[in-house]
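First comes the structure, then the notes that go with it.
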Amino acid sequence: MKEFKPIKEGKVREIYDNGDSLIMVATDRISAFDVILKNKVTKKGTVLTQMSRFWFDYTKDILPNHMISTDVRDMPEFFRQPQFDGNSMLCKKLTMLPIECIVRGYITGSGWASYQKTGLVCGIKLPAGLKECDKLPEPIYTPSTKAEIGDHDENISYEKSIDVLEKLYPGHGEYYANCLKTYTLKLYTECAEYALSRGIIIADTKFEFGLDENGNVVLGDEMLTPDSSRFWPAEGYEPGHSQPSFDKQFVRDWLKANPDSDYNLPQDVIDKTIAKYKEAYKLLTGSDLK
Ligand SMILES: Nc1ncnc2c1ncn2[C@@H]1O[C@H](COP(=O)(O)OP(=O)(O)O)[C@@H](O)[C@H]1O
Ligand SMILES: [Mg+2]
């Protein structure tokens, strides 16, 4: 059996090279306040992979995506081991475009901080009088560029995203930049509306796109998971203060109340967190996680 070593190990995901495809594995690691916790959240990786799968299916008529299969029988033998079952996705390898396509439907986090100071979020003027976590009149596209490891991503204007892409693809910068913006807003709008009908507010999210061998724009990476998005419970939503995170609230609350824990969570907090991931999956997809 051919052994595989990850070509990349992120905080939460591992990426394996498989020729003209990739295998993206979501582990059960969890981060909070930018730290990887000591505990594993059993099945979190499966929930995240299956959620991406759901959204890739849901939006496949808007644009093509990189998903080939989440069935390990379609993957090399090495992946037919229990630790890869359910949490792995075989994906078409793309040439990724170096823009993080962020869309915000609600004002929170760094956007809220910036708005309070300047009335702007990433250079976009917003109406006066918004409260923390208010819904925006319409979703805004706030791209950033991927920083080298360790650095924070840098917010850029839409115009700057044209320049970045024009340098890489002379004569096509404006076309690609417009594609990314249009797709990002459309994907977010349709999916956030659906999620809301199922009791989950998707406050903001990030998409990544790449090009296939014919130069077509294809959606890559993960899609609308709680790791790439802010999920809030619709029940109890109230602007004017921060909202609880759908999945990590127990973890964050406990860590705040136990600053000396060294990021080691008690089992009941883990159990409640697992339950929240499964609940989010069930709300969104209508079925229990298999
Ligand atoms: N279909 C794809 N083809 C090639 N690269 C991809 C594809 N989908 C996602 N990627 C890339 O895989 C990497 C996933 O790494 P990740 O664990 O998210 O860490 P980070 O975002 O910090 O680089 C990202 O660089 C992403 O752009
Ligand atoms: Mg990433």
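The values are calculated or read from the model by the stated rules, or taken from the named source; none is laboratory data. Predicted model, so just to flag it, every value in this text is computed and none were measured. Because the Cβ atoms are built from the backbone with ideal geometry, glycine has one as well, and the counts that use them run over all protein chains shown.
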If you go through segment 19-44 one residue at a time, how many are crowded, with 17+ Cβ neighbours inside 10 Å and touching a helix residue (DSSP H, G or I) at 6+ places or on another chain (Cβ under 9 Å)? 14
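For residues in segment 15-38 being of a type outside the set (Val, Ile, Thr) and within 19 Å of Phe246 (Cβ to Cβ), which is nearest to the chain's Cα centre (by Cα)? Don't jump to the end; show me each part of the working.
Of segment 15-38, the ones of a type outside the set (Val, Ile, Thr) are 16-22, 24, 26, 28-29, 31-34, 37-38.
With the extra rule that they be within 19 Å of Phe246 (Cβ to Cβ), the set shrinks to 26, 28-29, 31-34, 37.
On the way: Ala26: 12, Asp28: 16, Arg29: 15, Ser31: 14, Ala32: 15, Phe33: 16, Asp34: 15, Leu37: 19 Å.
Among those that are of a type outside the set (Val, Ile, Thr) and within 19 Å of Phe246 (Cβ to Cβ), it is Ala26.
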Read through the list (1) assigned to a strand (DSSP E or B); (2) surrounded by fewer than 17 Cβ atoms within 10 Å (Cβ to Cβ), then give the number of the only condition that Ala128 fails. (1)
Looking at segment 179-207 only, could you name the residues that are among the charged types (D, E, K, R) and closer than 25 Å to Lys278 by Cα? Glu190, Glu193, Arg198, Asp204, Lys206
Name every residue in segment 225-240 that is among the charged types (D, E, K, R) and either outside any loop (DSSP other than H, G, I, E, B) or within 16 Å of ligand 1 (Cβ to nearest atom) (or both), in order of residue number. Asp227, Arg230
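Could you list, in sequence order, the residues of segment 90-120 that are outside any helix (DSSP H, G or I), buried (at least 16 other Cβ atoms within 10 Å of the Cβ) and out of contact with any Lys or Arg (no Cβ under 7 Å at 6 or more places or on another chain)?
The first filter runs over segment 90-120 and keeps only residues outside any helix (DSSP H, G or I), leaving 90-108, 119-120.
Adding the requirement that they be buried (at least 16 other Cβ atoms within 10 Å of the Cβ) leaves 90-94, 97, 99-108.
Listed by number, the residues that qualify are Leu90, Cys91, Lys92, Lys93, Leu94, Leu97, Ile99, Val103, Arg104, Ile107.
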Hey, can you tell me all the residues within segment 137-182 that are among the hydroxyl-bearing types (Ser, Thr, Tyr) and more than 22 Å from the chain's Cα centre (by Cα)? Tyr169, Tyr175
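If I filter segment 161-170 for residues that are in contact with a Pro (Cβ under 7 Å, 6 or more places away or on another chain) and not in a loop (DSSP other than H, G, I, E, B), do I get at least one hit? Outline the logic, then answer.
Kept after step one, since they are in contact with a Pro (Cβ under 7 Å, 6 or more places away or on another chain), are these residues of segment 161-170: 161, 164.
Filter once more, so that each one left must be not in a loop (DSSP other than H, G, I, E, B): 161, 164.
For segment 161-170, residues in contact with a Pro (Cβ under 7 Å, 6 or more places away or on another chain) and not in a loop (DSSP other than H, G, I, E, B): present.
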Checked segment 116-151 for anything within 16 Å of ligand 1 (Cβ to nearest atom) and touching a strand residue (DSSP E or B) at 6+ places or on another chain (Cβ under 9 Å); matches are Pro143, Ser144, Thr145, Lys146, Ala147
Does Tyr176 qualify as being in contact with a Leu (Cβ under 6 Å, 6 or more places away or on another chain), surrounded by 16 or more Cβ atoms within 10 Å (Cβ to Cβ) and either at pLDDT below 95 or in a helix (DSSP H, G or I) (or both)? yes
